[in-house]
Amino acid sequence: MFKRIDHVEIIPTDFQRTLDFYTGVLGFTVRERFAVDAGPLAEIAYIVLGDTVIELMRVAQAAPPDTEPWRVGYHALALEVDDMAQAVAYLQKQGIPLAWGPVDLGNSTRAEIRDPDGLVIELRQW
């Protein structure tokens, strides 16, 4: 009945800055981008990395994100990396600091970065 997660939606503070981060730093590509006339929703961009799709939504006067890290709800977007050391070195050259880790969890290594709004992006090497 249920097959997979189709996409994840993100409402950023600054639509273009966030689009530039996900495409320019993390390697997503824009699959589709279009204007929308639906109340506060003004624009949508579908960005793709492998078979992962994120829907970025430009919303007028979006509320600021909750800054409590251990709140109930979705916590992070997780990206699998081939080589954690290589990913960390690349991110550091891009000026993206690690927010946590890397930590060896036995069967994997985990680290975290933040997107321009502070949303958690987990990096995982299995």
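Nothing in this text is a laboratory measurement; each read-out follows from the coordinates by a stated rule. These numbers were taken from a predicted model, which means no experiment stands behind them. Positions of Cβ are backbone-derived with ideal geometry, glycine not excepted, and every protein chain shown enters the neighbour counts.
How much length would be gained if the chain were fully extended between residue 77 and residue 7, taking 0.36 nm per residue of separation minus their Cα-Cα distance, in nm to one decimal? Walk me through the numbers on the way to the answer.
Numbers: separation 70, 0.36 × 70 = 25.20 nm, distance 1.11 nm.
Net length gain for the segment: 24.1 nm.
To the nearest 500 deg cm²/dmol, what mean residue ellipticity at 222 nm is calculated for the chain from DSSP H runs of n ≥ 4 alone, each contributing -39,500 (n - 2.57), summed and divided by the residues?
That comes out to -3500 deg cm²/dmol.
Take the range 1-60, compute every pairwise Cα distance, and split them into 5 Å bins from 0; I just need the percent in each bin.
Each 5 Å bin holds this share of Cα pairs: 4, 19, 29, 24, 13, 8, 3, 0.
Sorted by packing (mean other beta-carbon atoms within 10 Å per residue), highest first, where do 1-12, 94-105 land?
On the way: 1-12: 10.2, 94-105: 13.2.
Taking the mean over residues of other Cβ atoms within 10 Å, the ranking is 94-105, 1-12.
Which whole-Hz ³J(HN,Hα) couplings does the range 46-59 yield from phi under the Karplus relation 6.51 cos²θ - 1.76 cosθ + 1.60, θ = phi - 60°, glycine and proline marked x?
My calculation for the range 46-59 gives 9, 10, 10, 9, x, 9, 9, 10, 10, 9, 8, 10, 7, 10 Hz in order.
So how compact is the chain: Cα radius of gyration and Dmax in angstrom?
Rg then Dmax for the chain, in Å: 15.4, 49.
Quickly rank 78-86, 33-41 as a protection proxy: mean count of other C-beta atoms within 10 Å, highest first. Provide the component values of the computation, followed by the final result.
Working: 78-86: 13.7, 33-41: 10.2.
Top of the packing list down: 78-86, 33-41.
Could you tell me the center-to-center distance, by alpha carbons, between the range 70-126 and the range 21-44 in angstrom?
If you average the Cα positions of each part, the centres end up 22 Å apart.
In percent, how large is the relative contact order of the chain, given Cα pairs closer than 8 Å and 6 or more residues apart?
On the way: 195 pairs, mean separation 27.1, N = 126.
The normalised contact order for the chain reaches 21 percent.
Quick one: pull the percentage of alpha-carbon pairs in the range 75-126 with a separation above 18 Å.
Cα-Cα pairs of the range 75-126 separated by over 18 Å account for 21 percent.
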